[in-house]
Amino acid sequence: MQLQTKQLGMFAALALLMAATRGSHFGSSFSLPDATLAVFLLAGFFMPRFTFTALLAFVFLLLEAGGIDYYAINAAGVSDWCVTPAYWFLIPTYASMWLGGRWFATREQYTLSSLALFGGVSWLATTAAFLISNGSFFLLSGRYSEMSVAEYSGRVAQYYTPYLAGSLIYLALAAVVYILLHNLNKSYAGTANS
């Protein structure tokens, strides 16, 4: 029961992080960068493996992201330029992050090599998410029918670094907090057993 309570608390914190940051993809002097990608990877890590609860959590986060976008477009005056048939490909985009977190959860061991593996998984999942979201936008948005794949790739490449950095900064911070809390919990358990 304690594990479920911790997972629920973690999930609530992740959902709040998404709500607080979604809408500003790269951040500004007034807002933090969008944490959505990191939220999906971390939720995949913390939720139970391929259970109905995990599926509900994934669907909830998808609905939250869509709801925030709907509000931003219809009430806050944000442009709907990115909302095309390619918008549906945010599902596999976010699924790639979730599955990256899920895959790492089965291998995490509280070691330095495990931390390096987390960095690699984070980079790979975020890169896959970038390719899925931008590739689907090129193919399905109807906005680039006159542009070659090479020309589109050249133009969109400038967004890769901020896309990657936004995600990896949140994931690095999460790793530090996770390690600190794990060590604190281990220290507390050792003191309580003395």
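The values are calculated or read from the model by the stated rules, or taken from the named source; none is laboratory data. These numbers were taken from a predicted model, which means no experiment stands behind them. Cβ coordinates were reconstructed from backbone atoms using ideal geometry, including for glycine residues, and neighbour counts include every protein chain displayed. Remember, those area values only see protein heavy atoms, side chains included, never the ligands or the DNA or RNA. Shrake-Rupley method; radii C 1.70, N 1.55, O 1.52, S 1.80 Å.
From the list LEU115, LEU173, the one residue that fits, being over 25 Å from LEU16 (Cβ atoms), modelled with pLDDT of 90 or more and out of contact with any strand residue (DSSP E or B) (no Cβ under 9 Å at 6 or more places or on another chain), is LEU115. Does GLY67 meet the test of being modelled with pLDDT of 90 or more, small (Gly, Ala, Ser) and open to solvent by less than 30 Å² (accessible area, probe 1.4 Å)? When the stated conditions are applied, GLY67 does not pass them. Checking each residue in the range 70-90 for being in contact with a helix residue (DSSP H, G or I) (Cβ under 6 Å, 6 or more places away or on another chain), open to solvent by 30 Å² or more (accessible area, probe 1.4 Å) and touching a residue at least 24 places away in the same chain (Cβ under 8 Å) picks out VAL78, PRO85, PHE89.
For SER122, indicate whether it is surrounded by 12 or more Cβ atoms within 10 Å (Cβ to Cβ), of a type in the set (Ser, Thr, Tyr) and touching a residue at least 60 places away in the same chain (Cβ under 8 Å). For SER122, the condition - surrounded by 12 or more Cβ atoms within 10 Å (Cβ to Cβ), of a type in the set (Ser, Thr, Tyr) and touching a residue at least 60 places away in the same chain (Cβ under 8 Å) - is met. The set of residues from the range 127-170 being open to solvent by less than 30 Å² (accessible area, probe 1.4 Å), of a type in the set (Ser, Thr, Tyr) and farther than 21 Å from THR21 by Cα comprises SER136, SER141, TYR152. Taking residues in the range 47-60 that are over 9 Å from TRP98 (Cβ atoms) and open to solvent by 80 Å² or more (accessible area, probe 1.4 Å), and partners anywhere that are part of a helix (DSSP H, G or I) and among the charged types (D, E, K, R), the pairs with Cβ atoms closer than 8 Å and at least 6 places apart or on different chains are ARG49/ARG102; PHE50/ARG102. For THR106, only one of the following conditions fails: (1) open to solvent by 20 Å² or more (accessible area, probe 1.4 Å); (2) without any contact (Cβ under 8 Å) to a residue 24 or more places away in the chain; (3) not hydrophobic (A, V, I, L, M, F, W, C). What is its number? Unmet for THR106, out of (1) open to solvent by 20 Å² or more (accessible area, probe 1.4 Å); (2) without any contact (Cβ under 8 Å) to a residue 24 or more places away in the chain; (3) not hydrophobic (A, V, I, L, M, F, W, C): (2).
Note on the range 70-90: among residues that are within 23 Å of ALA125 (Cα to Cα) and hydrophobic (A, V, I, L, M, F, W, C), the one that is modelled with the lowest pLDDT is CYS82. Checked against (1) touching a residue at least 24 places away in the same chain (Cβ under 8 Å); (2) within 18 Å of ALA43 (Cβ to Cβ), VAL177 passes all but condition (1). For the range 27-39, a residue qualifies if it is open to solvent by 70 Å² or more (accessible area, probe 1.4 Å) and either at pLDDT 85 or above or farther than 18 Å from GLY77 by Cα (or both), and the qualifying residues are SER29, LEU32.
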